[in-house]
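Taking it in order: structure first as structure tokens, then the write-up.
The values are calculated or read from the model by the stated rules, or taken from the named source; none is laboratory data. Bear in mind the structure is a predicted one, so any value in this text is a computation, not a measurement. As a convention, Cβ positions derive from the backbone with ideal geometry for all residues, glycine included, and neighbour counts pool all protein chains shown.
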Amino acid sequence: MPLDSAALVWFRRDLRVADHAALHAALSAHGAVHCVFVFDTEILDLLPSRSDRRVEFIWESVRELKDALEARGGGLHVLYGRAREEIPRLARRLGVAAAYANRDYEPAALSRDDAVAHALQGTGVAWRTRKDQVIFERNELRTRSGGDFSVFTPYKRAWLAKLARLDLQPYPTGKYAARLAPDKGLRLPPLEEIGFRRTGLAALGISTGMSGGARLLARFKRHIDRYHERRDYPAARGTSNLSTHLRFGTVSIRQLAGYAWRRGGAGAHAWLSELIWREFYFMILASRPDVTEHAFRREYDALRFDDDPARWRAWCEGRTGYPLVDAAMRQLERTGYMHNRLRMVAASFLVKDLGIDWRRGERWFAARLNDYDLAANNGGWQWAASTGCDAQPWFRIFNPVTQSRRFDPRGEFIRSYVTELARVPVRAVHAPWEMSRAEQRAAGCLIGEDYPAPVVDHAAARKRTLARFAAARGA
């Protein structure tokens, strides 16, 4: 494209100005670059609540992005409507030669982008996309036979073997910042104007935008060397808490992976493995979009799950009688976050203790997780349910009490969310029903009154789950 032409950069899940592939490409090739973000009603209208923490997180991050672009001499068009219509309309109005965006891999996003590309091309506007969410896309990593990976360990080996310093280089945007179109003063519609209410992110300690991501990364760097030791303990400050920032692109995957790779050591290596798991699930979704509705291992579509409304409600509300599961579910409802170890425990409990379809749990998480990402959420649920690629074996069933004693040994996390157990002694906090009636009275927690009795016996549930999987495998 000639430098006297103009371009439009569409921000989506990449709400930052630094190390931005599409913005870099547009600034390198065009003399004037306009920027836009769309509050897409096709997405917003599907949300079950008008008090959605993610929308507030996005709004605050867009506000910071707009300020940052204006500080560099540019601006940000912020639109509200159907993106597949708003982007072509704005491109025509601005008279741009090309529109740029970073690639998305979810089925609905691919459909939307195809529609945008078609509409743009019909008016002579080029559609340009760049890789930005991942280090390696699906077609960049193949098995020796040329197929897609379905097991994580060989995928990780191939990922690390292919990795070179160039893959982690940032895309500089400051060099040509003078080419940002002077679109200062454009209006940012208030959150309430797009139909959503404040959710109190600050009170929950949730930081937003590029600045929030930078602060969390700086904090994590101080204890990354112990990540491998502390990451499974929800009461410890062992994780990065960057998942929401990575989901909405207020931090760059190249920045995170590059830091872990250069840092080295057991903690950084363990964290890098988690980032590779994220890319593994992106690859699975790209190669098998049917996993959004079906088991990756299609023979497990034959599983016959239970329909038990009372037990389903108990799980959703954190009233199962198993303290670690209940604390995890209450954390999710209160904050929009759940520790990764607890996601595995809660998911395993729903599927293998309560016998309820993993897809129901996946949708419940999808509506509440601040860091909800279709690929990772689906992959995690299918892993826990033993229906996915490289999933835990179907006969491996987490014992919620054993998990509790191992990963919250003093019950600190449990007590922070299940306040009914505040005075229960450590030895009983993982299985409070084992206390005598006198001990329950002394602790101010009568089982069945102040705190629920277990909704299911784990040993009996385990036998039912083994029979359920055996029947499906036989079918």
On the given criteria, is G205 surrounded by fewer than 13 Cβ atoms within 10 Å (Cβ to Cβ), modelled with pLDDT under 95 and more than 26 Å from the chain's Cα centre (by Cα)? no
Examine the stretch 125-142 for a residue that is closer than 29 Å to A99 by Cα, of a type outside the set (S, T, Y) and touching a Ser or Thr at 6+ places or on another chain (Cβ under 7 Å), and state whether such a residue exists. yes
Selection status of D4, surrounded by fewer than 19 Cβ atoms within 10 Å (Cβ to Cβ), in a helix (DSSP H, G or I) and over 18 Å from the mean Cα position of the chain (by Cα): no
Could you list all residues from the stretch 106-149 that are more than 28 Å from V251 (Cα to Cα) and buried (at least 18 other Cβ atoms within 10 Å of the Cβ)? A119, L120, V125
Failed item, numbered, when G174 is tested on (1) closer than 25 Å to V62 by Cα; (2) part of a loop (DSSP other than H, G, I, E, B); (3) modelled with pLDDT of 95 or more: (3)
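Here is a check on your reading of the model: is A158 assigned to a helix (DSSP H, G or I) and either in the same structural domain as H269 (by TED's automatic domain parsing) or touching a Lys or Arg at 6+ places or on another chain (Cβ under 6 Å) (or both)? Let's see the steps before the verdict.
On the way: assigned to a helix (DSSP H, G or I): yes; either in the same structural domain as H269 (by TED's automatic domain parsing) or touching a Lys or Arg at 6+ places or on another chain (Cβ under 6 Å) (or both): yes.
So A158 fits the description; yes.
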Looking at the stretch 358-475, what helices (runs of 4 or more DSSP H) fall wholly within it and have at least 3 residues that are polar (S, T, N, Q) and either surrounded by 14 or more Cβ atoms within 10 Å (Cβ to Cβ) or not assigned by TED's automatic domain parsing to the domain that holds S243 (or both)? 374-385, 400-407
If only one of V325, V351 is farther than 22 Å from E412 by Cβ and of a type in the set (V, I, T), which one is it? V351
Leading residue by the ranking (nearest to the chain's Cα centre (by Cα)) among those in the stretch 315-329 that are over 8 Å from Y451 (Cβ atoms) and not in a helix (DSSP H, G or I): G318
Every listed condition ((1) over 26 Å from Q133 (Cβ atoms); (2) in contact (Cβ under 8 Å) with a residue 24 or more places away in the chain) holds for K221 save (1)
Exclusive hit being more than 18 Å from R112 (Cβ to Cβ) and without any contact (Cβ under 8 Å) to a residue 24 or more places away in the chain, set A29, A71, A21, A25: A71
So L186 clears everything in (1) over 24 Å from G81 (Cβ atoms); (2) touching a His at 6+ places or on another chain (Cβ under 6 Å) except one condition, right? Which one? (1)
